[in-house]
Every structure is written in C-alpha cells, then in structure tokens.
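Student: Below are the structure tokens for one structure; questions will follow.
The values are calculated or read from the model by the stated rules, or taken from the named source; none is laboratory data. Since this is a predicted model, take the numbers as computed values, not measurements. In this analysis, Cβ positions are derived from the backbone assuming ideal geometry, glycine residues included, and neighbour counts consider all displayed protein chains. Keep in mind that these areas ignore ligands, DNA and RNA; they rest on the heavy atoms of the full protein, side chains included. Shrake-Rupley method; radii C 1.70, N 1.55, O 1.52, S 1.80 Å.
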Amino acid sequence: MTTSRSSIPRFAGRGLNLLYLPALAVLGVFTLWPLVNGVMLSLSNWDGYSPERSFVGLENYLRLFDDPNFRTALGNTFIYGVGSTILQQVIGLGLALALDRSVRGRNVARAIIYLPVLVSPVVMGTMYYLFLSYNSGGLNDLVIALGGERTAWLSDSGAAIALIVVVNSLQFMGISMVIYLAGLQSIPTVYYEAARLDGANAAQSFRHITVPMLQPAFATSIVLNLIGGMKLFDVIQVLTAGGPGYSTHSVSTLIAKMYFGSQRAGYASAMGVVLFLIIAVFTLLLNTMLNRRRLEQL
C-alpha cells in the first residue's frame, strides 16, 4: 500500500518546521543575544558594575589602535593560534600514522594520548606551572642534574610564549590525532595496493594518496585548532597571568583584565568584538582556501 502525495496533510511541512524552534531558541539566547549585547556594550563607557552607562560611539574602537598593550596581545594571539595549530598538525598526524598500523598496545596508546584533552586546562596549566617553577620545578632539577644552571623559564616573555604554545599543543594534540586516524581509516586500501604494484615507495604513496585523501581531515583539524589557539585563556592565566607586565597576554586574557581588573567593560567588549571578527574572517578564509584546494585535487 502506497501513500499518494495528495493524501499528505498540507500542514505537515509547517508542523515539521516547528521542530526547529528549540534549536533556534538556544542559538538565539546563548549565541546571538550575547553577541548583540557585546556590540552594544562596546559602544558605551560602562564600568561593569554601575547601573548607569553612556553611549560613546566608536571611541573604544579608536582607542584600541593607540593601545600598545592591545597590539602586544593581538600579536601574541596570532602566535598562540598559528603556533599551536602547526605543532598540533605535525604531532597529531605523526601519531595517527604511527598508531594506524597493527601494533601491539595501540588502543592503550591512543587512550593515553587523548586523555589530556579530557583534563581541565586549569589543572593542566597548574601541573606545568609546578614543573616549570624556579625553585622546585622538575625541569630545573633535570637541568641541574645535567650540569646546567637553574633558570626562571616563565620570567622571559619569549620563552614564556613558546612554553604556552607547547603546553597548549601537548594537551590538545589528541584531537588532531583522532581526526587524522578517522581520515586514514577511510582511505580504501586498494589505492595503496595499486600504487605498490606500480612500484611506488612509501614516500610517494604518502604524497600522492594519503595527503590528498586527508584534505577533509586537514580542513577540520586546522580550523578547530586555530580557533582554539586564538581564544586561548586558561593556560595563559595559570602559567603567567599575562606577565611579565603585559608581554604574554592574549586578547582573551586582556579582555578579562580590562573588564574585571580595570572595570572598563565597554573597552573590554570592543576587544571581544574585534577578536570575534578576526576569528570569523580567519576561519572563512581558511575554509575557502582548503575547500578550493580539495576541489582542485579531485
């Protein structure tokens, strides 16, 4: 027995559309409204506590260009985002290639590598803070045992920024590993068998089969890691709190300092809007570039 198209109630489509309402309500309350409210706050001089606020137009945005602390934080944000993304792709892809083979204990190894992703960044940052501390840190104990001198690793801004990138990458490299493992396991083995019959070696198979077939995995992993690195907050706050001075602040940690420390909620909101636009533009450009490259290789 078949159901003719004319027997379907005319209101069925409209009724099904009502199922979108809960999702739209959640999106509106928890995403769109905070975004609109943030833009409105960025156009005011609100201190974050007073019931009164005044409209100041684009004054907060114009002030950003003359703020050396914001320029430093913006530069650090790019370093955290790009540096973490590169490290996580290299380490994650290497681990995925190693653990995609039939080796003993690979499931245990995968679980151990992914485990830090489940740990709070605050806890992970605290562990590394104790490891890097000057007086009783494990790293300094190791350096002294090898004949070196005790070093204040987090007091130098360049070293501190590099360590923040490394700590963030080590915690979240498991995400890249899982994404690349899924990509590797979706590649049909007949491609490698055909390449082997044609005399291709391992490097040629990796370049001409693995890399092109992993393009969707590259796009997903890179975009996720870039967004996570550019809005990095917890690890910085625990390891350096943005110091020494303002030298290791990201835009996210500087927003918190301006909002709660300096009571400049309007100015902090302007920073948040700028960070949102930068991440949105970067994500859009990166997705467009990676999708275009994938289409060229089809």
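Student: Kindly provide the Kirkwood hydrodynamic radius of the range 81-234 in Å, to one decimal, from all pairs of distinct alpha carbon atoms. Numbers along the way, then the final one.
Tutor: Details: mean 1/r = 0.0569 Å⁻¹.
Mean inverse Cα-Cα distance, inverted, gives 17.6 Å.
Student: Once amide H atoms are placed 1.01 Å from N in the peptide plane, what residues at a sequence separation of 5 or more from Ser44, or on another chain, have their amide H within under 5 Å of its amide H?
Tutor: Excluding prolines and chain starts, which carry no amide H, the hits are Val56.
Student: Any chance you could look up the accessible area of Phe70 with a 1.4 Å probe, heavy atoms only, rounded to 10 Å²?
Tutor: So the heavy atoms of Phe70 present about 20 Å² to solvent.
Student: Another one. Give me the Å³ per residue figure for the convex hull around the C-alpha atoms of the chain.
Tutor: Values: hull volume 74.6 nm³, N = 298.
About 250 Å³ per residue, rounded to a whole number.
Student: Accessible area per residue of the range 169-298 at 1.4 Å probe, in Å²?
Tutor: Numbers: 6470 Å² over 130 residues.
Per-residue accessible area for the range 169-298 comes out at 50 Å².
Student: As I understand it, the dipole of the range 1-144 uses +1 on the Cβ of Lys and Arg and -1 on the Cβ of Asp and Glu, about the Cα centre. Which of Leu27, Val123, Thr72 lies farthest toward its positive end?
Tutor: Of Leu27, Val123, Thr72, it is Leu27.
Student: Continuing with this model, one more query. Tell me the carbon and sulfur percent of the accessible area for the chain, rounded to whole percent, probe radius 1.4 Å.
Tutor: Details: 11780 of 17810 Å².
Whole-percent figure for carbon plus sulfur exposure: 66.
Student: Evaluate the Kirkwood expression for the hydrodynamic radius of the range 114-185, namely the inverse of the mean inverse distance over all pairs of different C-alpha atoms, and round to one decimal in Å.
Tutor: Details: mean 1/r = 0.0726 Å⁻¹.
Radius from the Kirkwood sum: 13.8 Å.
Student: Please report, in debye to the nearest 20, how large the charge dipole of the chain is about its Cα centre when each Lys and Arg carries +1 at its beta carbon and each Asp and Glu carries -1 there.
Tutor: 1000 debye
Student: Provide the packing ranking of 144-152, 264-272, i.e. peptides ordered by the mean count of other C-beta atoms within 10 Å per residue, highest first. Please report the intermediate quantities before stating the final value.
Tutor: Numbers: 144-152: 10.4, 264-272: 24.1.
Top of the packing list down: 264-272, 144-152.
Student: Let me have the 222 nm mean residue ellipticity of the chain computed from DSSP H runs of 4+ only, each contributing -39500 (n - 2.57), with the sum over all residues rounded to the nearest 500.
Tutor: Values: 15 runs with 193 residues, N = 298.
Calculated mean residue ellipticity at 222 nm is -20500 deg cm²/dmol.
Student: Let me ask something else about it. Name the helices (complete DSSP H segments) of the chain with a Cα length along the long axis of 24 Å or more and a Kyte-Doolittle mean of at least 1.6, or state none. Could you put the intermediate results ahead of the total?
Tutor: Details: long enough: 68-99 (45 Å, 0.92); 157-185 (41 Å, 1.67); 265-297 (48 Å, 1.00).
Once both thresholds are applied, what remains is 157-185.
Student: Check each of the trypsin sites (Lys or Arg not before Pro) in the range 78-135 and keep only those in coil by DSSP with at most 14 other C-beta atoms within 10 angstrom; list them in order. Walk me through the numbers on the way to the answer.
Tutor: Details: sites: Arg101, Arg104, Arg106, Arg110; in loops: Arg101, Arg104.
Within the range 78-135, the qualifying trypsin sites (Lys or Arg not before Pro) (loop, at most 14 other Cβ atoms within 10 Å) are Arg101, Arg104.
Student: Can you tell me the accessible area per residue over the range 1-140, all protein chains present, probe 1.4 angstrom, in square angstrom? Write down the numbers at each step before the final one.
Tutor: Values: 9820 Å² over 140 residues.
Ligands and nucleic acids excluded, the figure is 70 Å² per residue.
Student: Then there is this: May I ask you to derive the relative contact order of the range 110-211, considering only C-alpha pairs under 8 Å and at least 6 residues apart, and to give it as an integer percent?
Tutor: Working: 55 pairs, mean separation 26.3, N = 102.
About 26 percent, as a whole number.
Student: Going highest first, how would you order 176-188, 24-36 by mean Cβ packing within 10 Å? Don't skip to the end; give the middle numbers.
Tutor: Values: 176-188: 18.5, 24-36: 10.6.
Per-residue Cβ counts within 10 Å, averaged per peptide and sorted highest first, yield 176-188, 24-36.
Student: Moving on. In a Gaussian network model over the chain where Cα atoms closer than 10 Å are linked, find which of Leu58, Leu226, Leu19 has the largest mean-square fluctuation.
Tutor: So, out of Leu58, Leu226, Leu19, the one fluctuating most is Leu19.
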